[in-house]
Amino acid sequence: MCGIMGYVGPQEAGPILVDGLRRLEYRGYDSAGIAVTNGAISVRKAQGKIANLEALIASDPPSGSIGIGHTRWATHGAPTDANAHPHTDPSGEFVVVHNGIIENFQSLKAELTSGGSEFVSETDSEILAHLIAREYDGDLVEAVRRTVALSEGAYAMVVMSRREPRKIVAVRKISPLVVGLGDGETFLASDIPAVLHHTRDFLIIEDDELVVVTEEGAVIESISGEAVEREVVHIDWDAEQAEKGGFDTFMLKEIHEQPAVITETLASRLDQNGKVWLEDVGFDDAYAAAIDRVWITACGTAFHAGLIGQEIFRRVLRLPANVEYAHELRYADPIIGANDLTIAISQSGETADTLAAARLAVDSGSRMLSITNVVGSTLSRYADDILYTRAGPEISVASTKAYMAMLIAQYLLALRLGAARGTVDAELAGRVAHGLHLLPAAIEEVLEREAPVIAAAESIVDASDVYFIGRGLDYAIAMEGSLKLKELSYLHSEAMPAGELKHGTLALITDGVPVVVLLTQRAVYDKVISAVQEVKARGGRIIAVAYDSDTEIADHADMVLRIPDMEDLLAPVAAVVPLQLLAYHVARLRGHDIDQPRNLAKSVTVE
Ligand code: M6R
């Protein structure tokens, strides 16, 4: 998704903007640009990686201490220099960067064209610069306001003009925007990590708000002009946390952060007996006891985390639960009742489909609990209850530590609901709590067992298809392992319940085809072994994920990736780690860009 940067202060804006854009690279982009003003506005922009923009700037450096910048992920028009942001009006006096979509841009463009406007790009964003110039009558804020009134859609827009040269005006309509408050300088960004090394004090701009940024700070108003008081949020993230540390990729660093993430997510929320305190979850026991059904909605990896939640709520709490893809749920006309609890899961808290599904649930009268990693994200603001995952900033497009934190959050929620509903007794609660507290050490152990994973990666690096199977909770992990492999390695992969294999996919199992099998659910172990035998009989190659104590699997599998013994209920947390590492190493062996896989974006803020 597009990234936004802005700077007003005493320093040269160009290097600060480019540095911020680099820190937003994880959002995914295909062109980048900046505009700096020093009386006149200078624009530099280039398709491709930020290095192209840097080369342009090096050959012709723009000067000025106020500026805006952008990384674009194409929606309207190809990723070209002309379509890259910023965009100016024909006079070059007004300049705009924009994140999101102007839904009525065709009619606005037609209207502007009939008035004589000519456009140099194919983007919907360029019309904003034209509209602001047309609407300007001596007050930039009012011109922006009138432009917003004309433009339908979900977006964030940032505007600068040589007519009012010491300010930036920005608007948020759904797409995220934060202001970083420095000492005599102010920053604007679509995401906190972009400027965290400059300041820890932030104003989170909310939907339908306009902010005027100067070196003295920022003034927030509603789009309609009412003054807004906003508390400064102090962000505790360690600046180091947003860097790669000693690892060669953010993904590997984030995989290795998982034990700490579990500890953080559990901290002050769970005692040894399984009693749970969730600080931003406001419902009482009477509410929890009266829930008829749980809806879990999410996309991608967050959906796979929801599969685990669904299984736990059903199996352990005996509570009807459905996990639904958010993009399906929003158009499915679901029967969501007033006594249903909806859980929307999203690392970013900005995924457009998940936000829409969450809104649908709220509009249906359901209570809505969001599980998200981003404080102040849109999803957190829609929610009645929030369970923050405390994974810290996740930079790699492929989600790992945020996924793990989502699992932990759901175990906590299950303990909380189970206690209120009387479906989790003291013995089970104590056992699960004990197991949860042991997980960080168990994951450390799994992380140390990298050699067999590398061997497994080497064995599948040239495969054309890889299958993942498991049952129950293991099926949910198979889904996530398969997604990780395909998004990073670009190998074709599919996951399915082990029992489903013989209903069709077995036709594809021939000599040497790799099948990754998860075997952590003791109750269905023999059933999964039957599927393993079906694969072996067709010449397929088995890579198993199994407990240390499982001696039988060595007789069936070609390779075994071991995890320490634990409660089956908690095994997904450990079993996913070798699969994350497997995907990582296959992608590494294939020479791919691991942190930014092709065609993918970190935060999918369009439908
Ligand atoms: O920010 P979210 O958790 O809502 O993102 C949802 C998916 O786009 C995300 O999990 C995606 O599937 C990841 N790239 C997978 O690694």
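The values are calculated or read from the model by the stated rules, or taken from the named source; none is laboratory data. This structure is a prediction, so every number in the text was calculated from the model and none was measured. In this analysis, Cβ positions are derived from the backbone assuming ideal geometry, glycine residues included, and neighbour counts consider all displayed protein chains. For accessibility, only protein heavy atoms count, side chains too; no ligands or nucleic acids. Shrake-Rupley method; radii C 1.70, N 1.55, O 1.52, S 1.80 Å.
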Problem - Test: residue in segment 572-585 that is surrounded by fewer than 18 Cβ atoms within 10 Å (Cβ to Cβ) and either modelled with pLDDT of 95 or more or within 16 Å of the ligand (Cβ to nearest atom) (or both) - result: no
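Taking the conditions exactly as written (part of a helix (DSSP H, G or I) and open to solvent by less than 10 Å² (accessible area, probe 1.4 Å)), does Ile454 satisfy them or not? Can you show your working first?
On the way: part of a helix (DSSP H, G or I): yes; open to solvent by less than 10 Å² (accessible area, probe 1.4 Å): no.
Taking the combined requirement at face value, the residue does not satisfy it.
Out of all the residues in segment 460-476, which are assigned to a helix (DSSP H, G or I) and open to solvent by 40 Å² or more (accessible area, probe 1.4 Å)? Walk me through how you get there before you give the answer.
Restricting attention to segment 460-476, the residues satisfying the condition of being assigned to a helix (DSSP H, G or I) are 460, 473-476.
Answer for segment 460-476, where residues must be assigned to a helix (DSSP H, G or I) and open to solvent by 40 Å² or more (accessible area, probe 1.4 Å): just Tyr475.
I need the full set of residues from segment 87-104 which are open to solvent by less than 50 Å² (accessible area, probe 1.4 Å) and more than 20 Å from Val606 (Cα to Cα), in order please.
Within segment 87-104, the subset open to solvent by less than 50 Å² (accessible area, probe 1.4 Å) is 87-89, 92-102, 104.
Once the filter is applied, which keeps residues that are open to solvent by less than 50 Å² (accessible area, probe 1.4 Å) and more than 20 Å from Val606 (Cα to Cα), segment 87-104 yields His87, Thr88, Asp89, Gly92, Glu93, Phe94, Val95.
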Problem - All positions within segment 509-551 that are in contact with a strand residue (DSSP E or B) (Cβ under 8 Å, 6 or more places away or on another chain), assigned to a helix (DSSP H, G or I) and charged (D, E, K, R) - result: Lys536
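With the requirement that a residue be more than 19 Å from Asp208 (Cβ to Cβ) and in contact (Cβ under 8 Å) with a residue 40 or more places away in the chain, what does segment 135-159 give you?
Scanning segment 135-159 gives a single hit, Tyr136.
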Exercise for the section: Go through segment 488-539 residue by residue and tally those that are under 19 Å from Pro572 (Cβ atoms) and of a type in the set (S, T, N, Q). Expected result: 3
Practice task
For residues that are open to solvent by less than 20 Å² (accessible area, probe 1.4 Å) and part of a strand (DSSP E or B), tally how many sit in segment 477-508.
Solution key: 2
Exercise for the section: Please verify whether segment 155-172 includes one or more residues that are more than 25 Å from the chain's Cα centre (by Cα) and on the phi > 0 side of the Ramachandran plot. Expected result: no
Handout entry: Looking only at segment 587-607, and only at residues there that are assigned to a loop (DSSP other than H, G, I, E, B), farther than 19 Å from Pro79 by Cα and not charged (D, E, K, R), the one that is nearest to the ligand (Cβ to nearest atom)
Key = Ile594
Problem - Any chance Val560 is at pLDDT 95 or above, in contact with a helix residue (DSSP H, G or I) (Cβ under 7 Å, 6 or more places away or on another chain), open to solvent by 30 Å² or more (accessible area, probe 1.4 Å) and part of a strand (DSSP E or B) - result: yes
Practice task
Give the residue, chosen from Arg421, Arg390, that is touching a residue at least 60 places away in the same chain (Cβ under 8 Å), more than 16 Å from the ligand (Cβ to nearest atom) and outside the structural domain of Leu579 (by TED's automatic domain parsing).
Solution key: Arg421
Completion exercise
When (1) open to solvent by 10 Å² or more (accessible area, probe 1.4 Å); (2) more than 13 Å from the chain's Cα centre (by Cα); (3) modelled with pLDDT of 95 or more are applied to Ser399, the one that fails is (2)
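Checking the condition within 28 Å of the chain's Cα centre (by Cα), over 22 Å from Met404 (Cα atoms) and outside the structural domain of Val397 (by TED's automatic domain parsing), which residue from Tyr490, Tyr475 passes? Give the steps one after another, and end with the answer.
Details: Tyr475 fails: over 22 Å from Met404 (Cα atoms).
Checking each option against the conditions leaves just Tyr490.
Can you tell me which residue among Gly20, Gly67, Gly33 is crowded, with 21+ Cβ neighbours inside 10 Å, assigned to a helix (DSSP H, G or I), modelled with pLDDT of 90 or more and not aliphatic (A, V, I, L, M)?
The unique qualifying residue is Gly20.
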Problem - Qualifying helices (runs of 4 or more DSSP H) (wholly inside segment 272-371; at least 1 residues being open to solvent by less than 10 Å² (accessible area, probe 1.4 Å) and within 16 Å of the ligand (Cβ to nearest atom)) - result: 300-315, 326-329, 352-363
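Restricting the search to segment 330-344, which residues are out of contact with any Gly (no Cβ under 8 Å at 6 or more places or on another chain) and at pLDDT 95 or above? Quick ask: steps written out before the conclusion?
Just the residues of segment 330-344 that are out of contact with any Gly (no Cβ under 8 Å at 6 or more places or on another chain), to begin with: 330-335, 339-342, 344.
Asn339, Asp340, Leu341, Thr342, Ala344, listed by residue number.
Criterion first (in contact with a strand residue (DSSP E or B) (Cβ under 8 Å, 6 or more places away or on another chain) and more than 16 Å from the ligand (Cβ to nearest atom)) does Val446 satisfy it? Show your work before the answer.
On the way: in contact with a strand residue (DSSP E or B) (Cβ under 8 Å, 6 or more places away or on another chain): yes; more than 16 Å from the ligand (Cβ to nearest atom): yes.
For Val446, the condition - in contact with a strand residue (DSSP E or B) (Cβ under 8 Å, 6 or more places away or on another chain) and more than 16 Å from the ligand (Cβ to nearest atom) - is met.
Taking the options Glu264, Glu231, name whichever one is closer than 27 Å to Ala352 by Cα, away from the ligand (no atom under 16 Å from the Cβ) and modelled with pLDDT under 95.
Numbers: Glu264 fails: closer than 27 Å to Ala352 by Cα.
One residue alone meets the criteria, Glu231.
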Handout entry: Any hit, segment 42-56, residues being modelled with pLDDT of 95 or more and under 24 Å from the mean Cα position of the chain (by Cα)
Key = no
